[in-house]
Amino acid sequence: MKRSEKRLLVLEIFLILLFLVNLIFLQANNYVIAMTIIIVFFLSTFILGYEEDRHRFKKDGILFAIIFSIVYQIFIYVSGIFLGFLRSGYSLSIGSIFQNILPFAMIIFTGEILRHEFIVKGEKKKIFYILTIILFILVDSSANIFKYTVDSSRVALEVICLIVVPSISKNLLLTYWMDKFGILANVVYLCITSLLVFIIPIIPDFNKYLQAVIALIYPVMVYFITKALLKDNNKSRRPSPISKIVSLILIIFALAIVALTSGIFKYYFLTIGSGSMRDSIDIGDVVIVKKLKPEELNQIKVGTVLVFKMDNKVIVHRVVEIKKDNDGSLLFKTKGDANKENDNWVVTEKGVIGTTNHLIPFVGLPSVWLYEFVEGRNMEWIKYNMKIKKKSIY
């Protein structure tokens, strides 16, 4: 091993120990993590010089990154159609978005530059591959540990399952891509897969362990697909015009999925996760919601299937009675078609989201089955659901 490589090895081991200590004892915030990476990068540059990103297939890598990251987002949000959505806990004001994205963006950009330095200056030796993957697993863990209070073995196991294990496959992919494509492909992939959560107002209602399994499996799949697409270590297949058209279609499709599930527009999709409307709307059905403005609430009649919010939950039940409050506003009494009694609440105008009279039957059943299986819930409803003869909402 060359003298410069030995220095690089010592520097990387020191950084691994530093992040390990931070993870266990210090738990510094993400700005400190990003600044640490910047300092180490300048230190390595001062000692060993700077290696430019001279990969021949940077453009190919960027296209791969765009396609694979968009496919990932499409899969996540299509699954959300079936499993349901939750409102994002992040504020969507410009200032808040900037404040939320900045530390993670700093870690992405500085981290990938540093990964490039270790891989290139290490001259593709296996020891640097292994240490780089370990280092960035610790970086990921340090950047996300703030979400947990690790005060028991149960929480520690949860951190390992939800953060550490998915990070292994992600960094296996990114380290391989760094060798083949350079910095920009990794940055594009990480930005699309990691930062959109701070911008999009809704998130799929995934079981957290199911989400961790997806985060574990998908980078491994991309890794093997990428290897299959490479002819050899020094040459890759140039994407054809068809590949570029497919990537454009994927982008448009992803935007359409987000638009149809986010509730931004007048019509959007909503997955049914309860059997209270069974026989007319079953678990796993996707209904098309028509949002109503305040002046359109007089369109609601007895028998209308109403979509409303109650106790921070979105509910789809039928209107059985309409009254007026003292101030002239409308009050709606509702009931699930499969329930024996009326609901024990009154829906005010403020709680109304809209109405629905169209559905896509059974579309969400495969994902609902998987979700219920992971949750360990009673599966008897599946047998019943498969015997149901669909009826009109009306």
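What follows is calculated from the coordinates using simple rules that are stated; it is not laboratory data. The structure presented is a predicted model; accordingly, all values stated were derived computationally and were not measured. Backbone-built Cβ (ideal geometry, glycine too); neighbour counts: all protein chains shown.
Panel order for 287, 302, 346, 159, by other beta carbons found within 10 Å of each beta carbon, from fewest to most: 302, 346, 159, 287.
Between residue 149 and residue 323, the modelled labels are 4.3 nm apart [label points 7 Å from Cα along Cα→Cβ].
Please arrange 39, 137 by how many other C-beta atoms lie within 10 Å of their C-beta, fewest to most.
Numbers: 39 11, 137 22.
Lowest to highest Cβ neighbour count: 39, 137.
Per-residue 3J(HN,Hα) values for the range 350-356, derived from phi via the Karplus relation 6.51 cos²θ - 1.76 cosθ + 1.60 with θ = phi - 60°, read 5, x, 6, 9, x, 10, 9 Hz in sequence order (x marks Gly and Pro). For residue 202, the residues whose modelled amide H falls within less than 5 Å of its own, excluding neighbours fewer than 5 places apart on the same chain, are 88. Each label point was placed 7 Å from the Cα along the Cα-to-Cβ direction; for residue 97 and residue 126 their separation is 4.7 nm. Longer than 26 Å from Cα to Cα, which of 126/147; 266/350; 126/227; 2/227; 313/333 are they? Say none if no pair is. Over 26 Å apart, Cα to Cα: 126/147; 2/227. Would you please classify the overall shape of the range 126-204 from the alpha carbon gyration tensor, given that a ≥ b ≥ c denote the square roots of the eigenvalues, rounded means a/c under 1.5, and beyond that prolate means a/b larger than b/c while oblate covers the rest? Judged from the Cα gyration tensor, the range 126-204 comes out oblate (a/c at least 1.5, b/c at or above a/b).
Multiply the residue separation of residue 227 and residue 338 by 0.36 nm, subtract the distance between their alpha-carbon atoms, and state the gained length in nm to one decimal. Walk me through the numbers before you get to the answer.
Values: separation 111, 0.36 × 111 = 39.96 nm, distance 5.24 nm.
Here the segment from residue 227 to residue 338 would lengthen by 34.7 nm.
Sorting 69, 280 from the fewest to the most surrounding beta carbons within 10 angstrom yields 280, 69.
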